[in-house]
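Right, one structure below, let's go through it.
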């Protein structure tokens, strides 16, 4: 059984490279599996390939070049690479994360026990300031093990060869600065009747990043979810996309008002996040375009 896992290596996350590579090297591989890690990177950071040789003495790997240094294009480099390969499973992980050593074992086991084409798992966070634990818990989706979902994120996902052989869907380069290309990608696959499920046992842990323990980061991230949500809905729903956007905008505002009436800290945070996403939806209607990915 051939398995290819993609990790996009970026300059901004080089400080996490050591822990990321060590976690990959510690992955437990099922006896009947042949694992290969595919690193996609821009030529500007080719100097790190020597580090790959040092840390990955137990894992087979390959480096692919991404000339257009943005996330959707780099993901497409991997998908195009897979088209001519004998592959049973493939997946994406993030380069700022530590991969649980049982991640692959649990993913392959999950596919054996569940009828699905795509699986995603949770991302946990290393938190130094305990005040932000609730922020992260509310930001991340709360899903049950084995639950049917409409999309998963590329920070932790796994999919079968059926997706590669049947679908011609790729990541949309137009989302390079706004984010959300992974949500659109898997939402489109969901509309194509691919079965997507949640595997809570295959998890990753995001390294501590001081830039993400600031309220301003959560404000910007939720605004981004709002305006990228507009673009996703327009792509998926076409002519009725505007109506869907208005419905979701009203829902977000209503839910925000509901939570703010219940005097608990978590509810206050939820209300703020929902209102920020509604605000993002609104400014998205004004054709706001951020300069860089948040």
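The values are calculated or read from the model by the stated rules, or taken from the named source; none is laboratory data. Everything quoted here is computed from the prediction, not taken from an experiment. Cβ: placed from backbone, ideal geometry, glycine included. Neighbour counts: every protein chain shown.
Residues of the range 24-57 being assigned to a strand (DSSP E or B) and in contact with a strand residue (DSSP E or B) (Cβ under 6 Å, 6 or more places away or on another chain), which ones? Within the range 24-57, 34, 35, 36, 37, 38, 39, 40 qualify. Scanning the range 223-235 for residues that are closer than 14 Å to residue 282 by Cβ and touching a residue at least 60 places away in the same chain (Cβ under 8 Å), we see that the one that is surrounded by the most Cβ atoms within 10 Å (Cβ to Cβ) is 227.
Going through (1) modelled with pLDDT of 95 or more; (2) not in a helix (DSSP H, G or I) one by one, residue 111 falls short only on (2). Residues that are farther than 30 Å from residue 105 by Cβ, in the same structural domain as residue 280 (by TED's automatic domain parsing) and in contact (Cβ under 8 Å) with a residue 40 or more places away in the chain do occur in the range 236-254, at least one of them.
Please report, ordered by residue number, the helices (runs of 4 or more DSSP H) entirely within the range 118-202 with at least 1 residues that are closer than 28 Å to residue 220 by Cβ and more than 17 Å from the chain's Cα centre (by Cα).
On the way: elements: 133-139, 161-166, 181-191.
Those helices (runs of 4 or more DSSP H) span 133-139.
Residue-level analysis places residue 290 among those that are surrounded by fewer than 16 Cβ atoms within 10 Å (Cβ to Cβ), touching a residue at least 40 places away in the same chain (Cβ under 8 Å) and outside the structural domain of residue 174 (by TED's automatic domain parsing).
Residues to consider are 188, 126; find the one that is touching a strand residue (DSSP E or B) at 6+ places or on another chain (Cβ under 9 Å) and either under 24 Å from residue 272 (Cα atoms) or touching a residue at least 24 places away in the same chain (Cβ under 8 Å) (or both).
Result: 126 is the single residue among 188, 126 that is touching a strand residue (DSSP E or B) at 6+ places or on another chain (Cβ under 9 Å) and either under 24 Å from residue 272 (Cα atoms) or touching a residue at least 24 places away in the same chain (Cβ under 8 Å) (or both).
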